[in-house]
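First comes the structure, then the notes that go with it.
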Amino acid sequence: MEKFLNALASSAPAPGGGGGAAMAGALAAALSSMVANLTIGKEKFAAQEAQVQALLKDAEELRAEMLQLVSDDAEVFNSFMACYKLPKATEAEKAARTAAIRAAAKKAAAVPLAIAEGAGKVLVIADKLTVLGNPGVITDAACSAILARAALRCAEYNVRINLNLTKDDEFNAAALAKLETLQNEALRLENNVLKLTDAAIS
């Protein structure tokens, strides 16, 4: 974590916001796993043991996925920036460079979109654990949901800035529609988690 934070704080352009979003998503997934682990094996929660076991498996898979996306985001950014160094002395070179930039922009948008999708899945898990998990750690489930929504919102901005360079209206429309769906559902889930949590601790 210290190594990542030092890199994030440095003057290097990557890791950046996308990597930070993915790390927030990984933290959110880890918190959901914590809630699940503090529920599993306790007699009073035996009735929901199988469901929580399944949620733990999903959360751990998402934690690994989000950590991989931290690296993936830096890699696609570096590949994207490399396109700007391509030769442009002739018209053919200019055309090839432009095509490469647009293709790289799609890849650079696809990774944060995957981060947003993963964060949305973590939110679903956190929402379920708010009900099924050990109520003694319900605020950790809430923190998982809050971090996941933050990850999703950050990822959205990283998607949108790259869409400006794709020059592909169909690709952009599909990505924006996906983001809108994810954001609407994320807001609903976060509000539900916080409502349940507030009621539990008031």
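For residues that are farther than 25 Å from residue 156 by Cβ and in a helix (DSSP H, G or I), scanning just the stretch 10-38, find the one that is farthest from the chain's Cα centre (by Cα).
The qualifying residue farthest from the chain's Cα centre (by Cα) is 37.
Out of curiosity, is residue 106 in a helix (DSSP H, G or I), within 16 Å of residue 76 (Cβ to Cβ), basic (Lys, Arg) and modelled with pLDDT of 95 or more?
When the stated conditions are applied, residue 106 passes them.
Starting from the stretch 23-39, take each residue that is among the β-branched types (Val, Ile, Thr) and list its partners that are in a loop (DSSP other than H, G, I, E, B) and surrounded by fewer than 24 Cβ atoms within 10 Å (Cβ to Cβ), counting only C-beta distances under 8 angstrom and pairs at least six apart or across chains.
35/134; 39/134
The conditions are (1) closer than 26 Å to residue 155 by Cα; (2) surrounded by 20 or more Cβ atoms within 10 Å (Cβ to Cβ), and residue 79 fails exactly one of them. Which is it?
Failed condition: (2).
Of the residues 74, 64, 28, which is surrounded by 14 or more Cβ atoms within 10 Å (Cβ to Cβ) and modelled with pLDDT of 95 or more?
Numbers: 74 fails: modelled with pLDDT of 95 or more; 64 fails: surrounded by 14 or more Cβ atoms within 10 Å (Cβ to Cβ).
Result of the check over 74, 64, 28: 28.
Just wondering, is there one or more residues in the stretch 81-92 that are in a helix (DSSP H, G or I), under 12 Å from the mean Cα position of the chain (by Cα) and of a type outside the set (Lys, Arg)?
The answer is no; no qualifying residue exists.
The values are calculated or read from the model by the stated rules, or taken from the named source; none is laboratory data. Here the structure is a predicted model, which means the values were calculated and not measured. Here Cβ is always computed from backbone atoms with ideal geometry, including for glycine, and neighbour counts include all displayed protein chains.
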